[in-house]
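J.: Sharing a structure here in structure tokens format.
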Amino acid sequence: MRIDFRMDGGFAALPGFAKPVTIDCEGLPPAQTARLRDLVQRAHFFSLPVKSRVPRLPDARAYTIAVDDGQQCRTVTIEEPIENPALRDLVTELRERASVVRSDR
């Protein structure tokens, strides 16, 4: 599974955090890959609308996530506030993974 993740907006726009990050699950330990797969499944990612239907708040962040699991691909944009707890968990995990990827560069 491959996940592209980008974060835009927020109170203080920090260019380093806006750079897209690719998370290739083949390079992760099996437990982390399993966690990401579980979060994608629990969020019903492949059934989500392409763009969230939440009205955009000033200074809110938007997350663009593209997931390719080898059988299907989907790109969605999710805006804060994220009401779906499973989707919120996925975004939190992707933010953490993105932080690790950025620090390894």
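The values are calculated or read from the model by the stated rules, or taken from the named source; none is laboratory data. Keep in mind the model is a prediction, meaning the values are calculated, not measured. Glycine also receives a Cβ, built like all others from the backbone with ideal geometry; neighbour counts cover every protein chain displayed.
J.: Can you name the residue in the range 50-69 that is in contact with a Ser or Thr (Cβ under 8 Å, 6 or more places away or on another chain) and more than 11 Å from Phe5 (Cα to Cα) and, of all such residues, is modelled with the highest pLDDT?
T.: Only one residue fits best here, namely Val50.
J.: Pairs needed: first member in the range 81-105, assigned to a helix (DSSP H, G or I); second member anywhere, surrounded by 10 or more Cβ atoms within 10 Å (Cβ to Cβ) and at pLDDT below 90; C-beta distance under 6 Å; at least 6 residues apart or different chains.
T.: Listed by first residue and then by second, the contacts come to nothing, as the list is empty.
J.: Assess whether Gln41 counts as being modelled with pLDDT of 95 or more and loosely packed, with under 12 Cβ neighbours inside 10 Å.
T.: Considered against the rule, which asks whether it is modelled with pLDDT of 95 or more and loosely packed, with under 12 Cβ neighbours inside 10 Å, Gln41 comes out as no.
J.: Looking at the range 76-100, which of its residues are within 18 Å of Gly9 (Cα to Cα) and of a type in the set (Val, Ile, Thr)?
T.: Val76, Thr77, Ile78, Ile82, Val91, Thr92
J.: Tell me which residues, restricted to the range 70-105, are surrounded by 15 or more Cβ atoms within 10 Å (Cβ to Cβ), out of contact with any Lys or Arg (no Cβ under 8 Å at 6 or more places or on another chain) and at pLDDT 90 or above. Give the steps one after another, and end with the answer.
T.: Taking the range 70-105 as the starting set, the residues that turn out to be surrounded by 15 or more Cβ atoms within 10 Å (Cβ to Cβ) are 74, 76-80, 82, 84, 86-91, 93-95, 97-98, 101.
Remaining after also requiring out of contact with any Lys or Arg (no Cβ under 8 Å at 6 or more places or on another chain): 74, 78, 84, 87-88, 91, 94-95, 97-98, 101.
Result: Arg74, Ile78, Asn84, Leu87, Arg88, Val91, Leu94, Arg95, Arg97, Ala98.
J.: Okay, next question. Identify all residues within the range 19-72 that are outside any strand (DSSP E or B), without any contact (Cβ under 8 Å) to a residue 60 or more places away in the chain and of a type in the set (Lys, Arg); write none if there are none.
T.: Arg35, Arg37, Arg42, Arg53, Arg56
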